[in-house]
Amino acid sequence: GNSDVVFTDGSKDGIKCGCAFYYPRSKLNQIFSLNRHLSIYTAEAIAILEALKFCQRIGSKKIAVMTDSRSVLQSLENTTKLPKMNYVVRDIIKLLTELHCRSVTVTFYWTKA
């Protein structure tokens, strides 16, 4: 079957911080305003977490997450640093474990910004 593809993005400028995910299948663009003191890394991670939660809600069985955040992807690949891990990345890993238990496959792809 086809994967549910979802694009994620985090953004930060001097004034505000936010993130979003885009689900092309239903042209859904979900935008989140975040605390402006968060790092771009955390914003990118929140976008991924929210995208995964959305796919879980709609009952996806195969999820393809497109992100331009190489650093978050590296954290997800290298989970041995758990104690020092960003709290959002920890939540992503918890959710991935849950999805895996329900036979949901999640694949991450790096895309150029």
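Points to keep in mind about this one:
- Residue match in region 51-60 (condition: buried (at least 17 other Cβ atoms within 10 Å of the Cβ), part of a strand (DSSP E or B) and modelled with pLDDT of 95 or more): no
- Positions within region 12-26 being modelled with pLDDT of 95 or more and farther than 18 Å from Lys62 by Cα, in sequence order: Cys17, Gly18, Cys19, Ala20
- Pairs are defined by a Cβ separation below 9 Å, a sequence spacing of at least 6 or placement on different chains, a first member in region 90-113 that is closer than 19 Å to Ser69 by Cα and touching a residue at least 12 places away in the same chain (Cβ under 8 Å), and a second member that is exposed (fewer than 12 other Cβ atoms within 10 Å of the Cβ) and basic (Lys, Arg); the pairs so defined are Trp110/Arg70.
- Test for Ser75: is it surrounded by 13 or more Cβ atoms within 10 Å (Cβ to Cβ), part of a loop (DSSP other than H, G, I, E, B) and polar (S, T, N, Q): no
- In region 24-50, of all residues being polar (S, T, N, Q) and assigned to a helix (DSSP H, G or I), the one that is farthest from Ser103 (Cα to Cα) corresponds to Thr42.
- Matching residues, region 70-113, being out of contact with any strand residue (DSSP E or B) (no Cβ under 7 Å at 6 or more places or on another chain) and either acidic (Asp, Glu) or within 13 Å of Thr8 (Cβ to Cβ) (or both): Val72, Glu77, Val88, Asp91, Ile92, Glu98, Ala113
- Test: Gln30 is surrounded by fewer than 17 Cβ atoms within 10 Å (Cβ to Cβ), touching a residue at least 12 places away in the same chain (Cβ under 8 Å) and either aliphatic (A, V, I, L, M) or out of contact with any Gly (no Cβ under 6 Å at 6 or more places or on another chain) (or both): yes
- Filtered residues of region 78-91 (kept if surrounded by fewer than 16 Cβ atoms within 10 Å (Cβ to Cβ) and either β-branched (Val, Ile, Thr) or within 22 Å of Lys112 (Cα to Cα) (or both)): Asn78, Thr79, Thr80
The values are calculated or read from the model by the stated rules, or taken from the named source; none is laboratory data. In this text the structure is predicted, and so the values were computed from the model without any measurement. Don't worry about glycine lacking a Cβ; one is built from the backbone with ideal geometry, like all the others, and counts go over all protein chains shown.
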